[in-house]
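Read-outs throughout are calculated quantities, based only on the coordinates presented, and are distinct from any laboratory measurement. Since we're looking at a predicted model, the values are computed, not measured. Because the Cβ atoms are built from the backbone with ideal geometry, glycine has one as well, and the counts that use them run over all protein chains shown.
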Amino acid sequence: TSIGESAFWWCWNLTNVVIGNSVTNIGGSAFAACSSLPNITVSLANTAYSSVDGVLFNKNGSELIQCPAGRAGSYTLPDGVTNIGGASFYGCWSLSSVIIPDSVTGIGSWPFEGCASLKSICFHGSAPVYNSYVFSMSPPTVYYRYGATGWTNIFAGCPTAIWPECMSVSVTAEGYVFEIVADENQSVTAEACTNLSSGDWETVGEPFMVPAGNRYTFADPAGAPAARRYYRVVLR
């Protein structure tokens, strides 16, 4: 019924975990730093815990308890999560970026300890309350959305920046015209493609520096005749 604190901590060769319906208590850092573990599975009949995309949550999904350390690349927390538990990403060596929804209001202690490859974290909402130490290794850049509240130029010892995104689009005689927001003096490039599945993105115009006020108006003359054209903003 119970898995003790740090019970499988640093079990490098652990490759599979299935939590049955009888488990009602899992101690902190129980599966932390298990670098060969890609997923944690929880029985649907379990009344205390759940698993979403291989990540361990409490039953209603409001708290992220453990992201398995075998997870690599980017991870997006599901909507509805309100708290990121202590040591929840501990030892996720290959995790490169994390996207956090606006529902998150709290972060426990040491959640990103040992995330050596983590380069960026993007918050969609206001600055959350955090406990003690949050990051280690090389501190990532913490991005937040334009207009979100509570942010300063430093968060938990890490530099912050506005996440670049398009705020509005219109069609004029000049073609498609976008209003882009990003951090002041951030170097940004716009890219376009006609087919998302192809992944064939082309640079539109020259890279530009975002001026004071965090807004930049950009026009793509080639956009207007196109039946369908997709855009993205890329940090340089």
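Listing for the model above:
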{"read-out": "For segment 182-215 versus segment 1-39, the gap between their alpha-carbon centres in whole angstrom", "value": "42 Å"}
{"read-out": "Per-pair calculated FRET efficiency, R0 = 41 Å: Glu202 and Val52 via Cβ, rounded to 0.05", "value": "0.70"}
{"read-out": "Peptides ranked, highest mean first, by Cβ atoms within 10 Å: ranges 193-204, 2-13", "value": "2-13, 193-204"}
{"read-out": "Label-point gap, in nm, between Thr149 and Glu5 - each point 7 angstrom along Cα→Cβ", "value": "3.6 nm"}
{"read-out": "Most positive-pole-ward Cα, Cys115, Gly27, Ser50, against dipole of segment 1-127 from beta carbon charges", "value": "Cys115"}
{"read-out": "Placed amide H near Ile107: partners under 5 Å, 5+ positions off or other chain", "value": "Ile84, Val129, Tyr130, Asn131"}
{"read-out": "Rg/Rh (Cα only; Kirkwood hydrodynamic radius) as it applies to the chain", "value": "1.05"}
{"read-out": "Karplus (6.51, -1.76, 1.60) ³J(HN,Hα), θ = phi - 60°, over segment 18-27, in Hz, Gly and Pro reported as x", "value": "10, 9, x, 6, 8, 6, 10, 9, 10, x"}
{"read-out": "Spacing of the two label points (7 Å from each Cα toward its C-beta) at Thr76 and Ser126, in nm", "value": "2.5 nm"}
{"read-out": "Label-to-label distance, nm, for residues given as Val23 and Ser96 (7 Å Cα→Cβ offset)", "value": "3.0 nm"}
{"read-out": "Cβ charges +1 (Lys, Arg) and -1 (Asp, Glu), total dipole of the chain, debye", "value": "360 debye"}
{"read-out": "Pairwise centroid distance, computed over Cα atoms, of segment 110-138 with segment 44-73, Å", "value": "18 Å"}
